[in-house]
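The next block holds one structure in the form of structure tokens; read it before the comments.
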Amino acid sequence: MRILLLVVAATLWASGSTASGQGAAGAAAAEPAASAVSSTADEGLEASTQLMPLPRAEGSRSLPIVLRAQRLSSQPDLQTVAEGDVEFRRGGLVIRSDRLSYDTASDVANAKGHVRVSRDGAVYSGPELEVRVQRFEGFFLQPRFEFLALGAGGRADRIDFLGNARSRATNASYTSCPREDGQEPDWVLQTRSVSIDLDANEGIAEGAVLRFLGVPILAMPTLSFPLGDGRKSGWLPPSIDIDNRSGVGITVPYYWNIAPNRDATLAPRLITRRGLGLDSEFRYLERSFDGTLRLDWLPNDRVADRSREAVQWLHEGRLPLGFDYSANVVRVSDADWWKDFPDAGRSFTARLLQSRLELQRPFALPGHGEGLFYARSLHWQVLQDADSVISVPYERSPQVGVRLAGQVPWGVEYSLQGEYNRFTLPGDGVATSTSTRTTGDRWHLLGAVSRPWREPGWWVVPKLSFNAASYDSTRLGPVDIARAARVIPSFSVDAGFEMERRLEAFGRPLHQTLEPRLLYVNTPYRAQSQLPNYDSAAKDFNFVSLYSDNAFSGVDRVSDAHQVTAGFTTRLVDVQSGAEALRVGLVQRYLFRAQRITAQADGTPDGAPLEQRFSDALLLGSTSVLPGWTLDGAVQYSPDINRSVRSILGARYSPGPYRTVGATYRLARGLSEQLEVGWQWPVWGNTPDARRASASSGSCSGTWYSVGRFNYSLKDRRLTDSILGLEYDAGCWIGRIVAEQLSTGRSQATTRLLVQLELVGLSRIGSNPLKVLKDNIPGYRLLRDERGSGALPAEDRPTGPVFHD
């Protein structure tokens, strides 16, 4: 709808203001292939040395008129007539016709015969145009229009120009499909009339009907829509959701433009199995704060036999004296919400819903330093399930701390963090036993001093650090501990080289790097098993964790160490493009003494002492040397059992746009073994790039694509998560049908069916599977690039006209 407005109105009406100068008085006498300009310039067109925007409104009166034709005749101050290949130019406006006359007294220009008007990428054609130039009032009979940037257009019986900012089109139609006489496009939007008011930033269409394959699929007596990118209250296209737990859901959103800095979306929702509901979103943007409030409400869920709701509040703001504050609050009514409504994700972790309040203030330190004061409150809602119970995380209320970092003379760098926490357990964590869980207060102080030496090709960083923690009013099982404390120092030296050479390989010039690295760590043993553990867990085994001085994350556990970590990375980099063609890395740790502070098999602290001198070796690699192929892998090899412990191997083949297929194999010995395959591939017809390159693109020829991803557990011999779908690209419209299965337990799954019709250049109707496809299929590409710019991604951006009854 918005595009119909822009094509039928904005281009020509804006052209009217551009051409609202004096008439073509003073034209030269007629002669074959003659050309004439206004009396302000006797010479022809001249090249400009600068690209300058053309003046508008009153400023456009100074623009000259250029008139070319096979024959020209003029009666001074009365009339000018041009015939034969007539071309009229003023600014960015171009009118071509067989005949054009201009009456000086009435300021009326009349063009007849193969009239063609173009401006700013929009082209009109028709048999007759009559316009009062100064006031831009007149009509265009039976015009056809094309919006070149969108590859779309249409026709109308008549366009009436009611001034520079207002106009009306009668019996207009719009489509992005090929328009051939006697053949109805695959989809077309037809209206009885369209009225445009540029000053009010509003368009109103009456008697609008959207037809698809000859069938009316949407009809509205009156449609109101904004012009350009402006916002306007009204109805948005409906969406349809289908899943095995709720049935069919139909949502019809209403957008409410409350103020320039506030808006809301109210979306009544009908779910066949559950009943009526309302999804809502309120957004606000003030001078010192902004945020979003979302509320989903089912007043009477017929399946659950109760009221159900979900709320999310995102807020950021600034207070006097440089303080910043924020809130991220997520809450749902019950533990089954994530299963029943998988499309309403409110958190990155569907079963751990965070509520976080934060106040902070950065500040500068003398010299080269900076600091940060912060105060937080962190609470959780845990959605437990009988088939899969998860550990209840600790809440922090309050969490207050200060961080300092900077540099002092002689190149010495320092960092210091002091923090107080009160740890409690969520009130809804009753599904797990919390009788032996520790609660209480903790003060900690983390500090480090280092003197880095960094030069081209090498670096050495010695560092001295400490981790001090004090625990007060702690309950550890049935025993109350009044106070406990410990201080653990650590010393490390990190050193490495960066060597480079140039070589020829794989038929191209390359840079090869060799980057060896060595980390020595010495941390004394301190008994910690009798101390509480609030936030520590074993780090994942990877390059980053192997080159760290502590095997645990968090504060409560510090691994004792007398060890050295050695490894290297080598890369091949394309000289011309700078792209990395190959990367290989190897790293391993050696213990000079046994490590007594270790992790258990599940990653929790306080495991058995580690006597193995050589740690597992980690080998990783990736390459794109083979055309169209991307290969990557990582293997954790245990010298103790002489076999791999964990492996990740991946391959992806992408020979061109819209063609990608990839597979990933994951093994965690004794725990899991999975195979994941994803793809997007045309199964019939030409891709959009091939159609654009072909000269025969005069019809909506279709292309079928298969898209999907499945995750198969080789250990359990079952399919966990899967996506399977088809996309049909007809050139001017795209149809998508995608089925998604999400595992919600060992024997439970939620299956959704997403169906969408995208009318290219107009709107998307139905449920939106684009986010599902982009998030789950590596290398997936939209069949149509988004035209124009916008802050929101394609899958989240509102589409289509705004409807108003």
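Miscellaneous remarks
- Residues being of a type in the set (Gly, Ala, Ser) and surrounded by 16 or more Cβ atoms within 10 Å (Cβ to Cβ) - total across region 656-684: 2
- Filter result for residue 371 (surrounded by fewer than 16 Cβ atoms within 10 Å (Cβ to Cβ), more than 19 Å from residue 327 (Cβ to Cβ) and touching a Leu at 6+ places or on another chain (Cβ under 6 Å)): yes
- Some residue of region 220-242 being modelled with pLDDT under 95, under 25 Å from residue 353 (Cβ atoms), crowded, with 16+ Cβ neighbours inside 10 Å and among the hydroxyl-bearing types (Ser, Thr, Tyr): yes
- Residue count for region 632-657, restricted to those that are of a type outside the set (Gly, Ala, Ser), over 30 Å from residue 602 (Cα atoms) and touching a strand residue (DSSP E or B) at 6+ places or on another chain (Cβ under 6 Å): 2
- Identity of the residue in region 590-624, of a type in the set (D, E, K, R) and more than 40 Å from the chain's Cα centre (by Cα), that ends up farthest from residue 507 (Cα to Cα): 606
- Enumeration of residues in region 640-655 that are within 30 Å of residue 610 (Cα to Cα) and either open to solvent by 50 Å² or more (accessible area, probe 1.4 Å) or charged (D, E, K, R) (or both): 640, 641, 642, 643, 646, 648, 649
- Residue 262 vs. criteria under 30 Å from residue 359 (Cα atoms) and in contact with a Lys or Arg (Cβ under 8 Å, 6 or more places away or on another chain): yes
- Any hit, region 566-584, residues being within 24 Å of residue 495 (Cα to Cα) and touching a helix residue (DSSP H, G or I) at 6+ places or on another chain (Cβ under 6 Å): no
- Selection status of residue 357, among the hydrophobic types (A, V, I, L, M, F, W, C) and farther than 23 Å from residue 237 by Cβ: yes
- Taking the conditions (1) open to solvent by 30 Å² or more (accessible area, probe 1.4 Å); (2) over 26 Å from residue 686 (Cβ atoms) in turn, residue 629 satisfies each one other than (2).
- Some residue of region 90-97 being among the charged types (D, E, K, R) and crowded, with 18+ Cβ neighbours inside 10 Å: yes
- In summary, residue 661 fulfils each of the numbered conditions (1) part of a strand (DSSP E or B); (2) touching a His at 6+ places or on another chain (Cβ under 9 Å) with the single exception of condition (2).
- Qualifying strands (runs of 3 or more DSSP E) (wholly inside region 135-190; at least 1 residues being modelled with pLDDT under 85): 144-147, 152-155, 158-162, 166-175
- Region 307-322 - residue that is farther than 27 Å from residue 767 by Cα and in a strand (DSSP E or B) and, of those, most open to solvent (accessible area, probe 1.4 Å): 318
- All positions within region 114-124 that are at pLDDT 90 or above and touching a Pro at 6+ places or on another chain (Cβ under 7 Å): 115
- Taken together, the residues in region 323-345 that are without any contact (Cβ under 8 Å) to a residue 60 or more places away in the chain, in a loop (DSSP other than H, G, I, E, B) and either of a type in the set (D, E, K, R) or open to solvent by 40 Å² or more (accessible area, probe 1.4 Å) (or both) amount to 4.
- Selection within region 255-284 - open to solvent by 60 Å² or more (accessible area, probe 1.4 Å) and more than 17 Å from residue 298 (Cα to Cα): 256, 258, 260, 262, 282, 283
- Test: residue 653 is at pLDDT 95 or above, within 30 Å of residue 732 (Cα to Cα), of a type outside the set (Gly, Ala, Ser) and touching a Pro at 6+ places or on another chain (Cβ under 8 Å): no
- So residue 540, is it surrounded by fewer than 16 Cβ atoms within 10 Å (Cβ to Cβ) and on the phi > 0 side of the Ramachandran plot: no
- When each of 204, 217 is tested for being part of a strand (DSSP E or B), hydrophobic (A, V, I, L, M, F, W, C), touching a strand residue (DSSP E or B) at 6+ places or on another chain (Cβ under 8 Å) and open to solvent by 70 Å² or more (accessible area, probe 1.4 Å), the lone residue that passes is 217.
- Boolean, residue 304 is free of Cβ contacts under 8 Å to residues at least 40 places away in the same chain and in a loop (DSSP other than H, G, I, E, B): yes
- Residue satisfying condition, being assigned to a strand (DSSP E or B), closer than 28 Å to residue 497 by Cα, free of Cβ contacts under 8 Å to residues at least 60 places away in the same chain and in contact with a Gly (Cβ under 9 Å, 6 or more places away or on another chain), within set 649, 586, 618: 586
- If the condition is being open to solvent by 60 Å² or more (accessible area, probe 1.4 Å) and closer than 16 Å to residue 175 by Cα, then region 124-153 contributes 144, 146, 148, 149.
- Taking region 101-129 as the range and being farther than 21 Å from residue 146 by Cβ and touching a residue at least 24 places away in the same chain (Cβ under 8 Å) as the test, the residues that pass are 102, 103, 104, 105, 106, 107, 108, 109.
- Matching residues in region 456-495 - criterion: being open to solvent by 80 Å² or more (accessible area, probe 1.4 Å) and either modelled with pLDDT of 95 or more or closer than 21 Å to residue 544 by Cβ (or both): 458, 464, 487, 491
- Single residue of region 516-537 satisfying the filter (open to solvent by 50 Å² or more (accessible area, probe 1.4 Å) and in contact with an Asp or Glu (Cβ under 6 Å, 6 or more places away or on another chain)) that is farthest from residue 571 (Cα to Cα): 529
The values are calculated or read from the model by the stated rules, or taken from the named source; none is laboratory data. All values reported here derive from a predicted model rather than from experimental measurement. For neighbour counting, all protein chains shown are included, and Cβ atoms are generated from backbone atoms with ideal geometry for every residue, glycine included. To get the accessible areas, we keep the full protein, side chains included, count just its heavy atoms, and leave off ligands, DNA and RNA. Shrake-Rupley method; radii C 1.70, N 1.55, O 1.52, S 1.80 Å.
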